[in-house]
Amino acid sequence: MKYLKVKNSNEEIPIGKIICVGRNYAAHALELGNEVSEFPVIFLKAASNVIYSGENVIHPDYSENLHHEVELVLLIGNTIKNGDDDSAEKAISGYAVGLDMTLRDLQKEFMKKGDPWTLSKSFDTAAVLSEFILKKDYKLRGDESIKLWVNGEIKQNSSIKNIMFDPIKIVKYISTKMTLEKGDLIFTGTPEGVGRVVPGDKIHAEIENIGAIDTEIIK
Ligand code: MG
């Protein structure tokens, strides 16, 4: 079982479900040839996929195209079902930096066939996290920079103000489809600049005032 790492907290909270939003930055949707959606695109990762900054991403041997996607991650602090703006805001208890590691070749193949994306998004080490910062310790402004470097070269460089469905809209929307509970995580989507990484590559990712991730891709 995987547990949350939270700054200034020793509470042991197991990670619940991991819900991810796709195509939440228009420039990223367009770079992959996808349309901008009217509703958030939602998929899941397994809690057992999680590793933390400082641990290594294992490149699956059944893919030729592992991609990095840096994302703002929301921590859910209490149960919410059919939330409104106020209860959605209250249900978000913290934030982290996340990497939604993606097997782009498998994903494209699944999309072509109309099959679920699951195995392109959920595999060991597919969800890399920084420590969470609690909302009581940092209030999100909504325009923090979000950046990712591979081997020191900047690849993704945007602002979370470019998110189309903001954290409150996302939590509200998901809570109309499934109950969210304490320990659930929401990956809120990646800006443009995603790309391939191979064994030996070193990733550094940051969201201003939230945290940072360092990880290396290994075989
Ligand atoms: Mg993503």
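What follows is calculated from the coordinates using simple rules that are stated; it is not laboratory data. Computed from a prediction, not measured in an experiment: that's the story for all the values here. For neighbour counting, all protein chains shown are included, and Cβ atoms are generated from backbone atoms with ideal geometry for every residue, glycine included.
Per-structure values
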quantity	calculated
Extended-chain gain in nm, criterion 0.36 nm per residue less alpha-carbon gap, LYS161 and ASN209	15.8 nm
Local net charge near GLY200, Cβ-Cβ under 13 Å (Lys/Arg +1, Asp/Glu -1)	+1
Chain lengthening between THR176 and GLU216 when straightened (0.36 nm per residue, less Cα-Cα)	10.7 nm
Qualifying chymotrypsin sites (Phe, Trp or Tyr not before Pro) in the range 1-101, DSSP loop, other Cβ atoms within 10 Å at most 15	TYR62
The range 18-218: antiparallel DSSP beta bridges as a percent of all, rounded to 5	85
Cβ-based exposure ranking for ILE58, ILE146, in which fewest neighbours within 10 Å come first	ILE58, ILE146
The chain - charge dipole about Cα centre, Lys and Arg +1 at Cβ, Asp and Glu -1, debye rounded to 20	360
Loop trypsin sites (Lys or Arg not before Pro), the range 128-217, which have at most 13 other Cβ atoms in a 10 Å radius of their Cβ (DSSP)	LYS136, LYS139, ARG141, LYS177
Hydrodynamic radius (Kirkwood) for the range 68-219, which is based on Cα pairs only, to one decimal in Å	16.2
Global form of the range 98-152, assessed from the alpha-carbon gyration tensor, a/c cut-off 1.5	prolate
GNM result for the chain, Cα springs below 10 Å: residue of ILE154, ILE163, ILE133 fluctuating most strongly	ILE154
Sites THR118 and LYS139, calculated FRET efficiency, Cβ-Cβ separation with R0 35 Å, nearest 0.05	0.50
Label-point separation, THR79 to GLU31 (7 Å along Cα→Cβ), nm	4.0
Total formal charge among the other residues, if their Cβ is under 14 angstrom from that of ASN65, Lys/Arg +1 and Asp/Glu -1	-2
Gyration tensor verdict on the range 1-105 (Cα atoms; rounded if a/c is under 1.5, prolate if a/b is larger than b/c, oblate otherwise)	oblate
